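Trainee: The structure follows.
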Amino acid sequence: MAIEKNYYTIDPQGKLKCVKCGVPLVKGKAKFMYLDNGFPVELPVCPVCGFVYVPEELALGKVASVERALEDK
Amino acid sequence: MSQIQERGSTHVYKVNKISKEEMESMVARCVYEQPPFCSAACPLKLDVRAMLKAAAGGNFKKALQLYEKIAPFPLILSQGCEAPCEGKCRLGEIGDGLAIREVERAVARYGEQSRLGSVFRSAKRQKIAILGSGLFTLLLAGELEKKAYPVTVFCEESDEEAYLRTAAPFLDEEAFALELRRLKGKEIRFECSCRLDAAFYEQHKASFDVLCASDEVRAKLFPDSAPIPELMICEAERLVSGPTRGVLDAAFGAKKAALTVDRLAQKLDPRNTRGQEGPTDSLLYTDLSEAKALRRVAVPAGGYTKEQAMEEAGRCIQCHCEECLKSCAYLKHYKKHPGLLAREIYNNTQIIMGDHQLNKPMNACSLCGQCTVVCPNGFDMARVCHLARQNMVSTDKMPLAPHEFALLDMLFSNGNAFLARPQPGFASCRYVFFPGCQAAAIAPETVRAAYEDLCSRLEGGVALMLGCCGAIADWAGRTEMAQQAHELLDRELARLGDPIVIAGCPSCAKELREHGVKELRGIWDVLEEIGLPEGVHKLERPMALHDSCGARGDAATQASIRRLAASLGVRLTDTPYSGDRSPCCGYGGLTAYANREVAGEMTEQCLERSDEPYLSYCMACRDRFARQGRESRHLLELVYGTDAGAPPDISEKRWNRLTLKRSLLRELWGEESMEDKLNFELNYTAEARRMMDERMILTDDVIAVLEDFRASGEAIEDEDGLLVARRRVGNATFWVKFSRTDGGYLVHRAWSHRMNVVKREG
């Protein structure tokens, strides 16, 4: 079985709750897409409605730096 | 809501080449890389500047290494050189030129000889013979030894000492002893007491790959052949030789001859790839305004002592042209002279696959044109960066992110906030007031006062047009978007009866003129003509005038502004870099959006020029100075006695434009506009507001997120009980962290990213 690559993982550890579904967010599979490039990641996801959460630190840190790198391609 | 199409992919494999010739001609204007005048005059191309710098610092070893690059026998050259460099020293124009040759003598005497050179080189296979004596043969042997050729010198003298004596009879005894030691240390084979006649030549010629001879021996062997002076060769006989006159000419002849030998040994045509040889003219510019007129250090009989040589070398002003680097915060930031930066930016446009590392510098130039004025050669960095931006846009390689906010702002100015109306009571008008998008955003009450004043005092009706001139898209290199803006303005101007445009901003004036608006005047021209409005409050205060980069090269506007300021009672203090040499405040060229760090440095540099409050005539300048905490006023605020107050944040700038349009529509034209009323209460913490301004998140973006939340109920709740909702708006996803209040929400934080995130199955 091929090992699946994840560029980034955040485990919510039960600390976040989906307001709509009333259930805790779990570590789930998600994908960042930008300028025709895709990056599989694991982020806090609602197991019911699929809401994917991007925390502020991630958005301003890793995500922003990958954006800059891709923009200059 | 307006949107701009993001480029679809990073996988675009096309380039739209800027003509290399065009770029080269632009780059060539930068004289930074031109040699200093002393080096240009030296046929041997000695790096005089670097040698003097090393000597001035007491590093005679390094100085000698530099000197030995052109002089295999440094004492011979320094004692006998005619020193054409000295006549070209720029210090000679204000005092004594540098005693370069005397410093060279000291370097040759005190410099410790480096022994590393021969350890790492491998000897070449081709064997070279040199027949005869004299300075040319000695120096040629030295040059060829440096190139690692096995050299044999055949001479009539009895030994090396006699050979050296013949070559350099002018050396004093100390120098002679040193050079003899140097000669013996070189890998040059000597065959002495030879009879150099035709028979000798015939006997030896087959044993060598290349043969060279003194001019005397050459004349004896081939009396009828004439060597080519540029190549130092008798071509028919393949004999490297030629007459030389004087020490420097012999050194230059030996250098040319060594290159010819090198080419022949490699079986190449000696004519090819020789580069530029001999003395040249330099186009370098040297600012002598701060140079001191000094006498040269007197030379004692035995030459300089170490200390004297250091003192004399220390007088060198190290000729460099850095006029633009002195005045431009952008070039200072990147620590590169513009010729080099332009070449790198040009190369950036040519990359098909890989990283465009120069995108950031390319987008950081304010396109203000200051460099072109301060450069003695008129180097135009703005054109380089502007062309490169247009090129990257046209090939779909330009990232949208650095300019998207500004471009959306332009679409807002020419969309929701746009207004074009004739003066009430007029079907068509003689004039139209075009204050510019920044004036409406930063000082709406000043715009209103100016418009009302113009309406009341000008004959023939004054229409009003609130919008963007297109400069934003033009600066971003987005030609099509700029064209759309110009077409909108053209259409509306035609509808208003093609009135004379009264521009409130010099950058708009410039942009509109460049794009074909025929009749245009600045509001400053009009105010000078009709006089200041009645009851104008005179100020008796000093202020520092900051000239707008939009008025560069426009002496009439600059003069008009000064007269108006004087008639308002303002005492203008003189600042360095004023008028055409004025720097950009950091807004121009969209630097403030694409590179805040550089924009900040530009603003700081503007403000360093004076401690007085600043007076400007471009609202963007006024805004950036005020944001930096300096008292800053626009000329029109003084004329109309208005005060735009503290600088607005990015959302307030939009709100100001919209509110100005709506209130004028209501009050002057009796038109009510639809206002988007929020059906919930929305408040922000101070931290959230500051964060939004810094992160370019508008209140409209926050409202979009919360409206979406109200419709879908989608949000998460964090550990602290705060809610976080999100919405994709255009090319970005906005996140808002908030709490519920009685009638609505309190926003605590906001952030965004451009990447799209989706759930993945499996």
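Trainee: Of the residues in segment B:207-236, how many are farther than 13 Å from B:Thr137 by Cα, open to solvent by less than 60 Å² (accessible area, probe 1.4 Å) and not in a helix (DSSP H, G or I)?
Mentor: 9
Trainee: Conditions first: (1) within 18 Å of B:Gly504 (Cβ to Cβ); (2) among the aliphatic types (A, V, I, L, M); (3) touching a Ser or Thr at 6+ places or on another chain (Cβ under 8 Å). B:Leu664 passes all but one, so which condition is the exception?
Mentor: Failing condition for B:Leu664: (3).
Trainee: Provide a single number: the residues in segment A:20-35 that are open to solvent by 40 Å² or more (accessible area, probe 1.4 Å) and within 23 Å of A:Asp72 (Cα to Cα).
Mentor: 2
Trainee: Something else: Among the residues of segment B:419-446, which ones are open to solvent by 30 Å² or more (accessible area, probe 1.4 Å) and assigned to a helix (DSSP H, G or I)?
Mentor: B:Glu445
Trainee: Would you mention how many residues in segment B:682-703 are part of a helix (DSSP H, G or I), open to solvent by 10 Å² or more (accessible area, probe 1.4 Å) and not β-branched (Val, Ile, Thr)?
Mentor: The total comes to 8.
Trainee: Name the residue, out of B:Phe709, B:Phe738, that is within 14 Å of chain A (Cβ to nearest Cβ) and open to solvent by less than 10 Å² (accessible area, probe 1.4 Å).
Mentor: Only one candidate qualifies: B:Phe738.
Trainee: For residues that are of a type in the set (Gly, Ala, Ser) and assigned to a strand (DSSP E or B), tally how many sit in segment B:152-193.
Mentor: Adding up the residues that qualify gives 0.
Trainee: Separate question: Can you tell me which residue within segment B:622-648, out of those that are part of a helix (DSSP H, G or I) and acidic (Asp, Glu), is surrounded by the most Cβ atoms within 10 Å (Cβ to Cβ)?
Mentor: Here the answer is B:Asp623.
Trainee: Something else about it: From B:Glu601, B:Glu608, B:Glu612, grab the single residue that is among the acidic types (Asp, Glu), touching a residue at least 24 places away in the same chain (Cβ under 8 Å) and farther than 27 Å from B:Met691 by Cα.
Mentor: B:Glu612
Trainee: Go through (1) within 7 Å of chain B (Cβ to nearest Cβ); (2) open to solvent by less than 40 Å² (accessible area, probe 1.4 Å) one by one and return the number of the condition A:Lys73 breaks.
Mentor: (2)
Trainee: Can you name the residue in segment A:36-57 that is surrounded by 20 or more Cβ atoms within 10 Å (Cβ to Cβ) and aliphatic (A, V, I, L, M) and, of all such residues, is farthest from B:Asp720 (Cα to Cα)?
Mentor: It comes out as A:Val41.
Trainee: Then there's this: Being in a helix (DSSP H, G or I) and of a type in the set (Asp, Glu) is the filter here; which residues of segment B:650-681 pass it?
Mentor: Selection gives B:Glu652, B:Glu667.
Trainee: Residues that are more than 14 Å from chain A (Cβ to nearest Cβ) and closer than 17 Å to B:Arg596 by Cβ: list the helices (runs of 4 or more DSSP H) wholly contained in segment B:305-408 that include at least 3 such residues.
Mentor: The qualifying helices (runs of 4 or more DSSP H) are B:329-334.
Trainee: Quick check on this structure: which one of A:Lys5, A:Lys15 is at the interface with chain B (Cβ under 7 Å from one of its Cβ atoms), open to solvent by 50 Å² or more (accessible area, probe 1.4 Å) and at negative phi?
Mentor: A:Lys15
Trainee: Tell me, please, whether a residue that is open to solvent by less than 10 Å² (accessible area, probe 1.4 Å), in a helix (DSSP H, G or I) and farther than 20 Å from B:Arg495 by Cβ can be found in segment B:452-468.
Mentor: no
Trainee: For B:Gly95, all conditions in the list (1) out of contact with any helix residue (DSSP H, G or I) (no Cβ under 9 Å at 6 or more places or on another chain); (2) surrounded by fewer than 20 Cβ atoms within 10 Å (Cβ to Cβ); (3) part of a helix (DSSP H, G or I) hold save one; what is the number of the exception?
Mentor: B:Gly95 satisfies all of (1) out of contact with any helix residue (DSSP H, G or I) (no Cβ under 9 Å at 6 or more places or on another chain); (2) surrounded by fewer than 20 Cβ atoms within 10 Å (Cβ to Cβ); (3) part of a helix (DSSP H, G or I) except (3).
Trainee: Another question about this same structure. Only one of (1) charged (D, E, K, R); (2) in contact with a strand residue (DSSP E or B) (Cβ under 7 Å, 6 or more places away or on another chain); (3) within 7 Å of chain B (Cβ to nearest Cβ); (4) free of Cβ contacts under 8 Å to residues at least 24 places away in the same chain is not met by A:Lys27, so which one is it?
Mentor: Tallying (1) charged (D, E, K, R); (2) in contact with a strand residue (DSSP E or B) (Cβ under 7 Å, 6 or more places away or on another chain); (3) within 7 Å of chain B (Cβ to nearest Cβ); (4) free of Cβ contacts under 8 Å to residues at least 24 places away in the same chain, A:Lys27 fails exactly one: (3).
Trainee: How many residues does segment B:715-735 hold that are open to solvent by 50 Å² or more (accessible area, probe 1.4 Å) and either more than 8 Å from chain A (Cβ to nearest Cβ) or in a loop (DSSP other than H, G, I, E, B) (or both)?
Mentor: 4
The values are calculated or read from the model by the stated rules, or taken from the named source; none is laboratory data. Only a predicted model underlies this, so the values are computations on that prediction, with no experimental measurement involved. As a convention, Cβ positions derive from the backbone with ideal geometry for all residues, glycine included, and neighbour counts pool all protein chains shown. What goes into the accessible areas is simple: the full protein's heavy atoms, side chains included, and nothing from ligands, DNA or RNA. Shrake-Rupley method; radii C 1.70, N 1.55, O 1.52, S 1.80 Å.
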